[in-house]
Structure formats: structure tokens, C-alpha cells
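Shown next, in C-alpha cells, is the structure this report addresses.
The values are calculated or read from the model by the stated rules, or taken from the named source; none is laboratory data. For clarity, every value in this text was computed on a predicted model and none was experimentally measured. Backbone-built Cβ (ideal geometry, glycine too); neighbour counts: all protein chains shown. Only protein heavy atoms, including side chains, enter the accessible area calculation; ligands, DNA and RNA are left aside. Shrake-Rupley method; radii C 1.70, N 1.55, O 1.52, S 1.80 Å.
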Amino acid sequence: ARPDLLLECRVMPYGQQFLMLVRDITQQRKLDKMRKHFISNVSHEFRTPLTVLRGYLEMFDENLPDQKVWARAHTMMSEQTIRMENLVNQLLVLAKIEAAPVVDIHDEIDVPTVLNSLSAETEQLAKDKALTFSFNIDPDLWMHGSSDQMRSAFANLISNAVKYCEQPGHIEVSWQKGPTGNARFSVKDSGPGIRPEHLLRLTERFYRVDKDRSRETGGAGLGLSIVKHALQHHRSELSIESEYGEGSCFSFLIPSDLVYSPNEDDTQDIPELQI
Ligand code: ADP
């Protein structure tokens, strides 16, 4: 009944008889495949910017460039260096998040302030692209959690909306109490939208709908994977709704026991998070 089942059989002498050892190696093979795939993806992502840098260095070996060529080379080399830096940073964040079986959730996260500072960070890019923002943030809604991980989750979703939205576009960021004492975060954009066949794969490492488009914006396809793991550590899950050509909405719910108001007496025990 399991067509994917892989068994390893070993036969060895056992006294006058033979012993057959059968081991289920399905999971191990899957992990090996994932690891190989991961390494080939990482190598590929580094190779492209390195090829650009090497190309320019070889060109400069032969003769010193004139002002115009140098200006272009400088821009390209800076862009590729930033791209490699982003990739290394994202790989480190992902490795850290994936490796942590238990997360310290004792940080008191002032979510409204985090969201305000993230909106300030993306302000320039949003202005350049003529995007408008609307914020619907409950100023009295904080949460317990890992500050770094939740900041990564909010930052990736907001920056994706800005990155992929075409001008003129609109982005709505919301952080509000839910019906059962939980909290709901959402980012809705009027961007290109995503076809249904891609939706389930978006949180896979290195998965991008349009590799060229994503590379142009400096993306390696790791952001949503980071979001997925960060949310898992807070017993939450990313939900993606999208209509191709209309826009997308990325949202998640934070369980009620992690949500609180800083103005109320908050003496409840903070649960330890396990995954
Ligand atoms: P990247 O670094 O490429 O942005 P992510 O993991 O954050 O990687 O996103 C994976 C892919 O999902 C992106 O390459 C893009 O194709 C798609 N995507 C993410 N957010 C949006 C969005 N708001 N609108 C349209 N497509 C999106």
C-alpha cells in the first residue's frame, strides 16, 4: 500500500544459517535527496553573483576601465555583493530557526512598534514604487514570543508585499484581536497574485514562482521558509490566499495564550514552546 517504501535487505551468515536484516530507509533517502537538492540550490545561488564579480575582475586585469564602464561595473558588483550578503544572512537565520527544537518565548514583543519600524524601513522603496499603505494596528496588542523570529516573520511578509506589488499598488497591514482571544496578522497586497499550483510550494526552501523576477529583487526563495519555521515555533501557521492578477493575502493567527495587552495585569504563566 506504500509505493514510496524503500527497504534495505542484508543477508549475513548466522552460525549454520543465514540472517536477513530488513531496514526501512524511506525517510533517510528522502532526507538525503533533500540535502543534495539544498546543496545544489545554495551552490547555484552563489555561482551566479560570483560569475559576475569574476567577469569584471578579469576585465580589469586586461585594462583599466574608463569612467563610464567603471560606474556600471561598480553598480553591478555592489548589487551582486549585497545579494550574496542577503543570501548568507537568510541562510544563517534559517539554519538557526530550523535547528532550535525549543524556543524561548519569554520576550515581550511590542508588535505595534515592531510593525511601525518595519513600515519606516520599507517606506523609501514603497515611495519609489508609488505604493500606498494602510495600517490597521491595535496599539494595545502585544505578544510573548521570540522577538527575533517574529520580527523576521513580519519583515519578510511586509517586504514581499512591497517587492512584488506593481505600481501603483496598495498594501494593507493588519494586526487585530481575533474572535477567540487570539490575534490575527495579515498583509494584503494588490500585486500580481499567485497561481493556485504554486501556493502549496511557496514555503519550500528556494521555491520561487518567477526566478528571474525574484532574483532581480534580490530574493533567493528563503523568506517564506523562514516565516513558516518562525510561526511553527509559536504554534501558528501561514495562510496564503491569492487570486492571479488580483493580489495576495498572507496571514496567521497567534494563539490566545501568547497574546496580551501591556496595560492589563499580566500574571499568567508563559508556556514553554516545544515543537
Ligand atoms: P523571495 O526571496 O524570492 O521573495 P520568498 O520565500 O519570500 O522568497 O517567496 C517565495 C516566492 O513567493 C517569491 O519568489 C514569489 O514568487 C512569491 N511571492 C511571495 N510573496 C509574494 C507576493 N506578496 N505576491 C506575489 N508573489 C509572492
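A compact table of results
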quantity	calculated
Looking only at region 1-37, and only at residues there that are among the β-branched types (Val, Ile, Thr) and not in a loop (DSSP other than H, G, I, E, B), the one that is farthest from Phe206 (Cα to Cα)	Val11
Extreme residue, farthest from His198 (Cα to Cα), among residues of region 241-257 that are part of a strand (DSSP E or B), open to solvent by less than 60 Å² (accessible area, probe 1.4 Å) and not aromatic (Phe, Trp, Tyr)	Ile254
Unique match (being touching a residue at least 60 places away in the same chain (Cβ under 8 Å) and either open to solvent by 80 Å² or more (accessible area, probe 1.4 Å) or among the hydrophobic types (A, V, I, L, M, F, W, C) (or both)) among Leu91, Leu57, Leu31	Leu91
Filter result (modelled with pLDDT under 90 and assigned to a helix (DSSP H, G or I)) within region 59-71	Met59, Phe60, Asp61, Glu62, Gln67, Lys68, Val69, Trp70
Inter-residue pairs, beta-carbon under 6 Å, first closer than 17 Å to His170 by Cα and in contact (Cβ under 8 Å) with a residue 40 or more places away in the chain and in region 106-135, second open to solvent by 80 Å² or more (accessible area, probe 1.4 Å) and not hydrophobic (A, V, I, L, M, F, W, C), 6+ apart	Lys129/Gln167
Residue pairs meeting the criteria (Cβ under 7 Å; at least 6 apart or on separate chains; first of a type in the set (S, T, N, Q), in region 219-231; second more than 6 Å from the ligand (Cβ to nearest atom))	Ser225/Leu94; Ser225/Thr203; Ser225/Glu204; Ser225/Arg205
Enumeration of residues in region 107-136 that are under 23 Å from Ile226 (Cα atoms) and either touching an Asp or Glu at 6+ places or on another chain (Cβ under 9 Å) or part of a strand (DSSP E or B) (or both)	Asp107, Glu108, Ile109, Val111, Pro112
Long-range neighbours under 6 Å by Cβ, at least six apart or interchain, first residue more than 22 Å from Ala220 (Cβ to Cβ) and among the aromatic types (Phe, Trp, Tyr) within region 157-178, second open to solvent by 20 Å² or more (accessible area, probe 1.4 Å) and part of a strand (DSSP E or B)	Trp175/Ile137
Residue pairs meeting the criteria (Cβ under 8 Å; at least 6 apart or on separate chains; first at positive phi, in region 244-260; second of a type in the set (Ser, Thr, Tyr))	Gly247/Ser190
